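Novice: Have a look at the structure that comes next, please.
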Amino acid sequence: MGNCCKGDQKIIPPQGPSTVPDPIPSPNYYQLDKLAGHEGKITCIKELQNMNIITGSNLGELKIWNLSKSKCESTIKTEGQILCLLEFEPNMILLGKSTNIIELYDINAILSPKKVFDFSGHEYWVTDLAKCDNQYFASVSNDGDIRIFDYINKECFSIISNDNINFQCIIRLNNGKLCTGDVDSTIKIWDYKNKICEKTYKGHTNIVKCLCELNYGEIASGSEDTTIMIWKNNNEPPTVLTGHSKAVRYICHIKDYFIASASFDCTVRIWNLNFKSCIQILNGHNNFVTGVISHSNGQLISCSNDKNIIIWMKGGNY
């Protein structure tokens, strides 16, 4: 997990048909800023509703960052690794931990945040979280369960077993269903209210690490097999995007038919789904890139095991 890549961003032209003009200008990102301060490796990143960002580390650090000031405003020290984050309501943050617990923190008083509650029940690491609605959230774990927690009443509402197949990630789809990525390389769609798996997608050849819903209900998945797959709502084979040399850890939708992916090959890649190709490679991290988000201010923000956060600004007319 040492250094694997360095240098400035590399731009590569779209590899789609040159005779078909792209009606939407492509984003062209450059490094604007780098934020440091974590003692541990950064494992996850989220944007808050107030446009600040939060990051978690393998040493249990939760940091709150003010982008407008390019500074960390608060640090919370917790036990165990922070594996995932979810803002359930403004300034109320859920942390999925390697201690098998989901911790709830109130960060309204940014200089004196406090822990409010521990949601327990998982028997192994909590690997991802997703908000179901204004009362419930879902968690997945390496214990092979989806747990639906009642946030208001602070209790486990429902448990869905995955036949002892460990989960890696979960998202809520716009239709209200849940979508999971599994260690067995599959993607599953769940009617969590009735505890029914409605559909299974097969195509990856290794662990599915991340998921992202795109336009029109399409789902993007990233895997340890180094590929990104785009799944439609029909029985068509997925579109396969290749280019990363190591596991794809995170995917975010930028706008229109552009997505960004973060990989253990130390890069962030920008993809044009219309051309089914990578249009830009962002180099700047020197260890695994563990997250990338498309911030509401238009910037891309990536985090890494190199303990740094990089702010990427888009140029051109995009």
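Novice: Check which residues have an amide H placed less than 5 Å from Ile254's amide H, if you skip close sequence neighbours.
Specialist: Hits under the 5 Å cutoff: Ile259, Ala260.
Novice: Enumerate the whole-percent occupancy of each 5 Å bin, from 0 to the last occupied one, for all C-alpha pair distances of region 55-174.
Specialist: So the P(r) values, bin by bin, are 2, 12, 22, 24, 19, 12, 6, 2, 1, 0.
Novice: Tell me which residues come under 5 Å, amide H to amide H, from Gln280 once H is placed; ignore anything under 5 positions away on its chain.
Specialist: When sequence neighbours closer than 5 places are left aside, the close amide H contacts are Ile12, Ile270.
Novice: Could you go through region 285-290 in sequence order and give the Karplus-derived ³J(HN,Hα) for each residue, using 6.51 cos²θ - 1.76 cosθ + 1.60 with θ = phi - 60°, rounded to whole Hz, and x for Gly and Pro?
Specialist: So the Karplus estimates, Gly and Pro as x, are 8, 10, 8, 3, 8, 9 Hz.
Novice: Please give the net charge around Phe88, taking every other residue with its beta carbon less than 13 angstrom from that of Phe88, where Lys and Arg add +1 and Asp and Glu add -1.
Specialist: On the way: positive: Lys46, Lys131, Lys154, Arg172; negative: Glu87, Glu89, Glu103, Asp106, Asp133, Asp150.
So the surrounding residues net to -2.
Novice: Below 13 angstrom from the Cβ of Leu211, what's the summed charge of the other residues (Lys, Arg +1; Asp, Glu -1)?
Specialist: Neighbourhood net charge equals +1.
Novice: Return the subset of Lys34/Lys255; Lys34/Lys71; Lys77/Lys114 for which the Cα-Cα distance in this structure is over 18 Å, preserving the input order.
Specialist: On the way: Lys34/Lys255 23 Å; Lys34/Lys71 10 Å; Lys77/Lys114 11 Å.
Going by Cα-Cα distance, Lys34/Lys255 fall outside the 18 Å limit.
Novice: Still on this structure, please answer the following. May I ask for the equivalent-ellipsoid semi-axes of region 184-298, computed as the square root of five times each C-alpha gyration tensor eigenvalue and listed largest first in whole Å?
Specialist: Semi-axes (√(5λ), whole Å): 24, 16, 14.
Novice: Near the amide H of Thr43, under 5 Å away, which other amide H atoms are found, from residues 5 or more places off or on another chain, if H is placed in the peptide plane?
Specialist: Amide H neighbours of Thr43: Gly56, Ser57, Asn58.
Novice: Next up: Between beta-carbons, use under 15 Å as the cut-off and find the net charge around Thr186, counting Lys and Arg +1, Asp and Glu -1.
Specialist: Counting the neighbours of Thr186, the net charge comes to -2.
Novice: Something else: Give me P(r) over region 42-256, computed from all C-alpha to C-alpha distances, binned every 5 Å, as integer percentages.
Specialist: In order of increasing distance, the bins hold 1, 7, 15, 19, 20, 17, 12, 7, 2, 0, 0 percent.
Laboratory data are not the source of any read-out in this text; all were calculated from the coordinates shown. Note that this is a predicted model, so its numbers are computed, not measured. FYI the Cβ positions are ideal-geometry reconstructions off the backbone, even for glycines, and counts take in every protein chain you see.
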